[in-house]
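Okay, structure first, notes after.
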Amino acid sequence: MPTPFLASAPIRRLTLRDLTACADLSEDRGWPREEHKWGFLLTAGQGYGIDDPDGGLVAACTVTEYGPHERPALAAVGMVLVAERHARRGVGRRLMRHLVAALGTVPLTLHATPYGRPLYEELGFKVTGEAEMVRGRFVPGGPEPKPFTRGATAEDLPAILRLDEEVFGADRTPIVTRLPAFADQLRVAEEDGRITGYAAAWPNMDTHVVGPLIARDTETAKALIGSLAAHTDRPLRTDIDVRHEELLAWVKEHGLSSVAANAVMSYGITELPGDWTRRFAPLTVAAG
């Protein structure tokens, strides 16, 4: 396809009708199809893409905004993909420039692979942290974490929303309220009738992804992971902020292994809002 087309083809909003094309694009780049995750991101946030005249998509990405609708406090960029046949022709750069311009003064965040990081740095993103992906079958054993955990109920949702906003630093109601339908498990940690943490486990290919994971302290985070693991026969996968060294060591002692490390990057802010000490893992690296 001639380069002039790639430089001028319209960038449009994606909808759920584009779900198969998005999954095809993932597969084209050697990623899992992840239709469940794509569907969630296209409904909780927005998708942007460039159509290929020969069918499918040249490129796609998602943006999930947090905070007041009229003045978002933060937007997370994810699933930035360019079809292999159009790679290295500036399409990804054009798509990202479009997003940055469209979002104006809204601060941005994303998780970058080593492959994608140079492009984001060129666009003005700065590294503000790192997340380590771990995966494996959780093996129980050793002293059990003390905090009490249980399955979340509909009555817990207001408390979960308040805790999430306090820890994340922005209102994530569109994301959190979709968790009961998106995740196979949603559990809370509780002390004296007060929710001190919550976590979800959602299906992704042959694993259950743990995220979000928000907890008062490391012991509470351990208890939530252990309780999620006890209710699934799938391997677990999660992306833990590397500053949580104790939790990373603990999950590795219990059967999970390091898979990859991604840079957490931001644009328009020097550090992410909220309280990182209680934010252990994102819902997904594509949505923060």
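The values are calculated or read from the model by the stated rules, or taken from the named source; none is laboratory data. The structure presented is a predicted model; accordingly, all values stated were derived computationally and were not measured. All Cβ positions, glycine included, derive from the backbone under ideal geometry; neighbour counts span all protein chains shown.
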* **Criterion: surrounded by 14 or more Cβ atoms within 10 Å (Cβ to Cβ), over 25 Å from Asn262 (Cα atoms) and hydrophobic (A, V, I, L, M, F, W, C) - qualifying residue of Leu99, Leu110, Leu6, Leu16** => Leu6
* Would you be able to say whether some residue in segment 233-253 is surrounded by 23 or more Cβ atoms within 10 Å (Cβ to Cβ), of a type in the set (Asp, Glu) and assigned by TED's automatic domain parsing to the domain that holds Phe168? => yes
* To do: Could you pull out the residue among Gly49, Gly30, Gly56 that is out of contact with any helix residue (DSSP H, G or I) (no Cβ under 6 Å at 6 or more places or on another chain), surrounded by fewer than 19 Cβ atoms within 10 Å (Cβ to Cβ), more than 28 Å from Asp164 (Cα to Cα) and assigned by TED's automatic domain parsing to the domain that holds Glu84?
  => Gly30
* Qualifying residues in segment 72-90 (those that are more than 27 Å from Thr43 (Cβ to Cβ) and small (Gly, Ala, Ser)) - the one modelled with the lowest pLDDT -> Ala87
* Structure fact -> Of the candidates Arg89, Arg97, the one satisfying the condition of being in contact (Cβ under 8 Å) with a residue 12 or more places away in the chain, assigned to a helix (DSSP H, G or I) and in the same structural domain as Gly67 (by TED's automatic domain parsing) is Arg97
* Tally, over segment 235-261, of residues that are within 15 Å of Ala201 (Cβ to Cβ) and basic (Lys, Arg) -> 1
* **Residue list for segment 176-205, filter: among the aliphatic types (A, V, I, L, M), modelled with pLDDT of 95 or more and closer than 19 Å to Thr238 by Cβ** => Val176, Leu179, Ala183, Leu186, Val188, Ala189, Ala199, Ala200, Ala201
* To do: Filter segment 119-150 for residues that are among the small types (Gly, Ala, Ser) and in contact with a Leu (Cβ under 7 Å, 6 or more places away or on another chain) and give the result.
  => Gly136
* To do: Counting only residues that are within 23 Å of Leu110 (Cα to Cα), give me the strands (runs of 3 or more DSSP E) lying completely in segment 143-261 with at least 2 of them.
  => 194-204, 207-215, 236-241
* **Among the candidates Thr284, Thr238, Thr270, residue that is hydroxyl-bearing (Ser, Thr, Tyr) and out of contact with any helix residue (DSSP H, G or I) (no Cβ under 8 Å at 6 or more places or on another chain)** => Thr270
* Mind listing whichever residues of segment 113-146 are loosely packed, with under 15 Cβ neighbours inside 10 Å and of a type in the set (Gly, Ala, Ser)? => Gly124, Gly141, Gly142
